[in-house]
Amino acid sequence: MERIEEHVAQHAACATVFAGIRNDVTSYQGLVRLRRIVGELYTVDTGSRTLIFHPKLYLVRAKEHARLTIGSANLTLARLNNNIEAGVRLGFD
């Protein structure tokens, strides 16, 4: 959250986040920090350690346009610093 907080905060009033919680990566501290920022936060628990909530879909909408990003990138420190990820960003008017 430290690395993305200022960017998320810019859209906090209209942000809805769905975060998987049964993957031993999502931290309680990160969720608390995120909850202070975004308008809506939902945690998704599949009830199984072998079945996780893993989609990577980021939608940002404004009055006149929207951007949708779909890809392999998680919002983790490894993704932001080390991983090579792939995705597609689509723009809509």
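Quick note: the coordinates plus some simple rules give every number you see, no bench work behind them. Being a predicted model, the structure only gives us computed values, none of them experimental. So basically every Cβ, Gly included, is an ideal-geometry build from the backbone, and we count neighbours across all protein chains shown.
Data overview
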| quantity | calculated |
| --- | --- |
| Residues with amide H under 5 Å from that of ALA15, placed H, sequence gap 5 or more | GLY39, GLU40 |
| Other-chain or far-sequence residues with amide H under 5 Å of GLY20's (modelled H) | VAL44 |
| Neighbourhood charge, 9 Å Cβ-Cβ cut-off, centred on TYR58 and excluding it, Lys, Arg +1 and Asp, Glu -1 | +3 |
| Zone residues, the range 12-56, relative to ALA66, backbone N less than 15 Å from point 7 Å out along Cα-to-Cβ | 14-17 |
| Helical mean residue ellipticity (222 nm; -39500 (n - 2.57) per DSSP H run of 4+; nearest 500) of the chain | -5000 deg cm²/dmol |
| Antiparallel bridge percentage (DSSP; both residues within the chain; nearest 5) | 70 percent |
| Cut-off of 10 Å, at most 16 other beta carbons, DSSP loop: longest stretch of the chain lacking such trypsin sites (Lys or Arg not before Pro) | 4-48 |
| Environment charge at LEU80 (Cβ cut-off 15 Å; Lys +1, Arg +1, Asp -1, Glu -1) | -1 |
| Relative contact order, percent, the chain [alpha-carbon distance under 8 Å, six or more residues apart] | 22 percent |
| In nm, spacing of pseudo-spin labels at THR76 and VAL32 (7 Å Cα→C-beta vector) | 2.2 nm |
| Between the range 11-33 and the range 37-88, the alpha-carbon center distance in angstrom | 10 Å |
| Karplus-derived 3J(HN,Hα), 6.51/-1.76/1.60, for each residue of the range 64-78, Hz, glycine and proline x | 9, 8, 8, 10, 10, 10, 10, x, 8, 7, 7, 9, 10, 4, 4 |
| Placed amide H near LYS56: partners under 5 Å, 5+ positions off or other chain | GLY71 |
| Phi-based couplings in Hz for the range 51-62 (Karplus 6.51, -1.76, 1.60; Gly and Pro marked x) | 10, 10, 7, 10, x, 10, 9, 10, 10, 10, 10, 10 |
| Exposure proxy ranking, count of Cβ atoms within 10 Å, fewest first, for THR16, THR50 | THR50, THR16 |
| Viscosity 1.567 mPa s, 4 °C: Kirkwood-radius Stokes-Einstein D of the chain over Cα pairs, µm²/s | 90 µm²/s |
| Environment charge of ARG33, counting only residues whose C-beta is closer than 10 Å and scoring Lys/Arg +1, Asp/Glu -1 | 0 |
| Stretchable slack from ARG89 to HIS11, in nm (0.36 nm times residue separation minus alpha-carbon distance) | 26.3 nm |
